[in-house]
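Okay, so here's the structure we're looking at.
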Amino acid sequence: MFRAGLYARVSTNDQQTIPLQIRALREYAARRGWTVALQVKEVGSGASQRQLREKLLEAARRREIDVVLVWRLDRWGRSVTDLLATLQELEHLGVGFVSLNEALDLTTPAGRAMAALLAVFAAFEREVLQDGCALAWLTPGRNKRLGRPQTAALQSGPVRKLYRAGVSKAEIARRLLIGRTSVRRILEPKS
């Protein structure tokens, strides 16, 4: 009998899908005859380090679980490269991986073939990023900032001034026409 580790994640506190994810994961595990050995619920941005996901990986390394169940691939991996790296580690540990929405089950031969395709896409993503960086380096005027233009960061002075005046973060975002996350990021202490 497989011991399953369930992983549910939402990006913000505003989202209410964690109970839905957990219920679907538990029902799937029950249909397969698996016991739930560990259940992880995480709230946080996809770009930040996922501390609780690491807890689940540690359980896999200690051989406390035999399979990881997730609602969707984007709930687990931050990028194709990150997804592939963690899937390869789980495979190396002999731990299966199932994503319900994509019907990806790495405990089956078809699922493992799909993982090989993901590896191809991850390699492609790395090459495109490397080519883009090389092109930017060779371009005249290369000292300019790459990536998305700074928009909210240009508002840091007014954000701090309004916050000191007692205006709520949501109201600051509305007045300055920037996102609430940007306001929080500007106001959080630098470490």
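Read-outs: derived from the displayed coordinates by stated rules, not from any lab. Values in this document were obtained by computation on a predicted structure and should not be read as measured data. Heads up, the Cβs are rebuilt from the backbone with ideal geometry, glycines too, and the neighbour counts pull from every protein chain shown.
Summary table below
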item	result
GluC sites (Glu not before Pro), loop per DSSP, at most 15 other Cβ atoms within 10 Å - longest free stretch of the chain	103-191
Under 5 Å, built H, 5+ apart or other chain: amide partners of residue 96	67, 68
Amide hydrogen neighbours beyond the local backbone of residue 102, cut-off 5 Å, H modeled	73
Cut-off under 5 Å, modelled amide H: who pairs with residue 36 long-range	4
Phi-based couplings in Hz for the range 76-93 (Karplus 6.51, -1.76, 1.60; Gly and Pro marked x)	9, x, 7, 7, 4, 5, 5, 4, 4, 4, 6, 5, 5, 5, 4, 4, 4, 7
222 nm mean residue ellipticity, helices alone, for the chain (DSSP H n ≥ 4; -39,500 (n - 2.57); rounded to 500)	-16000 deg cm²/dmol
Options 10, 118, 65, ranked by Cα towards positive dipole end of the range 3-120, top entry (Cβ charges)	65
Histogram of C-alpha separations across the chain, 10 Å bin width, %	8, 27, 26, 21, 15, 3, 0
